[in-house]
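As structure tokens, the structure follows; a few thoughts come after it.
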Amino acid sequence: FYGFTDSFAKGQFMARASGKSKLLYFITESVKKNLIDRGVQDRIQVINSGLRAFERRNKDDCEVSYRPCQESVHFVGPHMTKRKFIVSHKDFLTALNSGAIKCDKFSDPLSTQIRELTFGAFVIALKGYENNIAKKMYLVMWRCKGDNVNCLVARPEMAGFESKMKAIPRDDSMELGEVAGQSDEAAATTNISSRFCSIQ
């Protein structure tokens, strides 16, 4: 569904328990190696060790149960080959809106490709920043059943993106891009609770 590449580190995505967990978390390689792989979580209570990565929907109206979370989409997005668009400054700003966003609000190349998506989550990245994890210029979006999309970003965080966009030179000539290669993993500020099991 998301077209994850072989470089996608499945072993760094954990759940608090077995079964269909509500949330899957992303942990850094160092946390996995020094804590999880050594079973430290079985002996002490581990607090704050990862980022929310995927959230499970309770409804069965989508092809997959889990959607990416905004909190760690910059770690997930670079490994996606499907349902990801690299967009211009203008289209990125268009996506930063609450409520339903009409597909025709985006540029013609992007609006056409969004309409071709099935119901469910997708991500967009600002052109030129798609492999810069530190800048976190990714947004989690939702393809609705009508001719609309939603931005799954909290309003306060949208304001932060809008401030960052003001500092980025605007280039409306940039068209929809292709998926680029993976960048080196940046250190994550971690936030995960106690017991985990690997999700394969």
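Each reported figure results from applying straightforward, stated rules to the coordinates on display, with no laboratory input. Since we're looking at a predicted model, the values are computed, not measured. Don't worry about glycine lacking a Cβ; one is built from the backbone with ideal geometry, like all the others, and counts go over all protein chains shown.
For residue 73, what is the net charge nearby, where nearby means another residue's Cβ is under 11 Å from its Cβ and Lys, Arg count +1, Asp, Glu -1? Each step should come with its number before you reach the end.
On the way: positive: 52, 67, 84, 136; negative: 71.
Result for the neighbourhood of residue 73: +3.
Taking Lys and Arg as +1 and Asp and Glu as -1, the other residues whose beta-carbon sits under 12 Å from that of residue 148 total +3. Taking 29 Å as the limit for the C-alpha separation, the pairs 59/164; 22/136; 20/90 exceed it in the case of 59/164; 20/90.
Proximity of backbone amide H atoms, modeled 1.01 Å from N, is registered between residue 50 and 191, 192 at under 5 Å, excluding neighbours fewer than 5 places apart on the same chain.
On a per residue basis, the convex hull of the C-alpha atoms belonging to the range 76-120 measures out at 98 Å³.
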